[in-house]
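The values are calculated or read from the model by the stated rules, or taken from the named source; none is laboratory data. Keep in mind the model is a prediction, meaning the values are calculated, not measured. Cβ coordinates were reconstructed from backbone atoms using ideal geometry, including for glycine residues, and neighbour counts include every protein chain displayed. These area figures cover heavy atoms from the full protein model, side chains too; ligands, DNA and RNA do not enter into them. Shrake-Rupley method; radii C 1.70, N 1.55, O 1.52, S 1.80 Å.
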Amino acid sequence: MLQQELQTEIDQVLAGMEALVSASSGGKKEKLLPLFEKHVRRNQAVLPAYAGFLKKSGFTDSSRIHDYADIPYFHVSAFKGHELCLVPKDQVTRVLQSSGTSTSQPSKIFLDKPTLFRQTKALAGSLISVIGSKRRPFLVLDSSARMQSQDSITARDAVIRGLAPFASKMVYAMKAASATATPELDVEAIRAFFKEVGDQEYLIAGMTFSAWMDVILPLKKLGVSFSSRQGLLLHGGGWKKLIEMSVNNSVFAQAASDVFGMPATQVRNFYGMAEQVGVIFLDCSQGYKHAPGFAEVVIRDFTTLKPVKPGQVGLIEVVSILPTSYPGHAILTDDVGTLIGEDNCKCGQKGTYFQFRSRVEASELRGCGDVQAASRVIG
């Protein structure tokens, strides 16, 4: 009963997503906070481990959620060491795994049909606001072999699957004999793609680190470039290694522009994670990331874990109404961001907006107050 009631109310909110996107922070909060309260109560009733987590965190039956910062949250590492599932296993249709780049153990996210459908719909809605609904040729900066698995997929696969409905055709920039084989750059496929594209609009997407190392740099070394200016490139993830190589967002965008031909302003970074599928934060025209209508961010101080003020830096927490098959409605990450402001971005979008900075450094993590309590979140 609790499950069905929650799903119905979430779907009703998503049906009015356009209004939420244009709403002020206060108007959005009024719609979302009651749903987060129900997430907490339903999870408490269904999952004993979650009930134990609430008890340890001091959240009682009389506790109330007055702001996003009041929502009890898991640290992202909780999904690496525990199988946190809110539905019977025979209702799980897909298991999503994180890339496991920060640790050797990936997160496992259990998705049932309603959650998967809801996340797919929400992702499409977020993308339409940036790229429109028009279908266009899509160059995938990956190999088709990675897309073959149906039951267990990675966050990297999920991004491509989410963009597929916007494609009039899909061409892969890399080729591999299998999903586990090392992919190779397919220069001829890329040449054929741009020859066919000509001066029409097109889309390119991939994970940031792989796009840089496996496609953009090799093409530059080969002296291969194109001049089709009507493109949009979306990329995300993998910044830690690139920052160590002195490759920031501006360097990446200019190099991509030099190779593919679109203006550097049409190279847009997005922030998202496997534990919050369907939630992506895309760069606006001012270079900031905005929360979609069904989600929000809280930037927490490294030491106190209290919400920071505009202009301050801290750990990124992502809250979303979407997941009902796993307790992923409030997740504190190991990512660092700067809270820029609320309802006053020059791009015209309302709501909270922020800037992603980096993955947290080990020295910062040691000072992160209760972040290390991730080890005691469950059980």
Inset, instruction - Subtracting the Cα-Cα distance from 0.36 nm times the residue separation, let me have the gained length for residue 67 to residue 7 in nm, one decimal. - result: 19.5 nm
Legend entry - Listed candidates (i) 52, 23, 15; (ii) 32, 26, 24; (iii) 34, 22, 21 - label of the one calculated as semi-axes √(5λ) of the Cα gyration tensor in Å: (iii)
Inset, instruction - Using amide H atoms built 1.01 Å from N in the peptide plane, name the residues 5+ places from residue 142, or on other chains, whose amide H lies under 5 Å from its own. - result: 173, 174
Inset, instruction - For 59, 209, 138, write out the residues from largest to smallest accessible area, computed with a 1.4 angstrom probe and no ligands counted. - result: 209, 59, 138
Legend entry - Formal net charge of residues neighbouring residue 327 (Cβ-Cβ distance under 11 Å; K, R +1; D, E -1): 0
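Using only alpha carbons, build the gyration tensor for the stretch 217-260 and give me the equivalent ellipsoid semi-axes, biggest first, whole Å.
Calculated on Cα positions only, the semi-axes equal 20, 13, 8 Å.
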Inset, instruction - List, in order, the whole-Hz ³J(HN,Hα) value for each residue of the stretch 306-318 obtained from phi through the Karplus relation with A = 6.51, B = -1.76, C = 1.60 and θ = phi - 60°; use x for Gly and Pro. - result: 7, x, 8, 9, x, x, 9, 9, x, 7, 8, 10, 10
Inset, instruction - Give the cross-link partners of residue 108 among the lysines, using a straight C-alpha distance below 25 Å as the criterion and excluding same-chain residues fewer than 8 apart. - result: 38, 55, 56, 80, 89, 121, 240, 241
Legend entry - Separation of the residue 304 and residue 343 label points, Cα + 7 Å toward Cβ, nm: 2.4
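What part of the accessible area of the chain, given as a whole %, is carbon or sulfur when the probe is 1.4 angstrom?
Carbon plus sulfur share of accessible area: 51 percent.
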Inset, instruction - Can you spot the lysines whose alpha carbon is less than 21 Å from residue 309's alpha carbon? Ignore those fewer than 8 places along the same chain. - result: 28, 29, 289, 346, 350
Legend entry - Estimated vicinal HN-Hα couplings, Hz - the stretch 349-356 in sequence order (Karplus 6.51, -1.76, 1.60; Gly, Pro = x): 6, 8, x, 6, 9, 8, 10, 6
Legend entry - Theoretical gain in end-to-end length, residue 241 to residue 225 [0.36 nm per residue, Cα-Cα removed]: 3.3 nm
Inset, instruction - Grab the DSSP H runs of the chain that are 4 residues or longer, score each as -39,500 (n - 2.57), total them, divide by all residues and round the 222 nm result to the nearest 500 deg cm²/dmol. - result: -9500 deg cm²/dmol
Inset, instruction - Please list the non-local residues whose amide H lies under 5 Å from the amide H of residue 343, H modeled 1.01 Å from N, same-chain partners needing a gap of 5 or more. - result: 351, 352, 353
Legend entry - Crossing angle, helix 25-46 versus the chain [Cα axis fit, 0-90 degrees, rounded to tens]: 70
Inset, instruction - Mind listing the long-range amide H neighbours of residue 86? Cut-off is under 5 Å, sequence gap 5 or more, other chains count too, H placed in the peptide plane at 1.01 Å from N. - result: 326
Inset, instruction - Could you tell me how many degrees, from 0 to 90 and to the nearest 10, lie between the Cα long axis of helix 2-15 and the main elongation axis, the longest principal axis, of the Cα atoms of the chain? - result: 50
Legend entry - Per residue solvent-accessible surface (Å²) - the chain, probe of 1.4 Å: 44
Inset, instruction - Using the Karplus curve 6.51 cos²θ - 1.76 cosθ + 1.60 with θ = phi - 60°, work out ³J(HN,Hα) for each residue of the stretch 261-277 in order, rounded to whole Hz, and write x for Gly and Pro. - result: x, 6, x, 4, 5, 9, 9, 10, 8, 10, 10, x, 7, 4, 6, 10, 4
Inset, instruction - Considering the convex hull of the alpha carbon atoms of the stretch 31-93, report its projected area averaged over all viewing directions, in nm², one decimal. - result: 5.2
Legend entry - Contact order normalised by residue count of the chain, Cα under 8 Å, 6+ apart, percent: 19
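Over the alpha-carbon set of the stretch 254-353, divide Rg by the Kirkwood Rh and report the Rg/Rh ratio to two decimals.
Rg/Rh for the stretch 254-353 comes to 1.01.
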Inset, instruction - May I ask for the net charge around residue 54, where only other residues with Cβ less than 11 Å from the Cβ of residue 54 are counted and Lys, Arg are +1 while Asp, Glu are -1? - result: +2
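Report the convex hull volume per residue for the stretch 179-221, counting only C-alpha atoms, in Å³.
Here the figure is 102 Å³ per residue.
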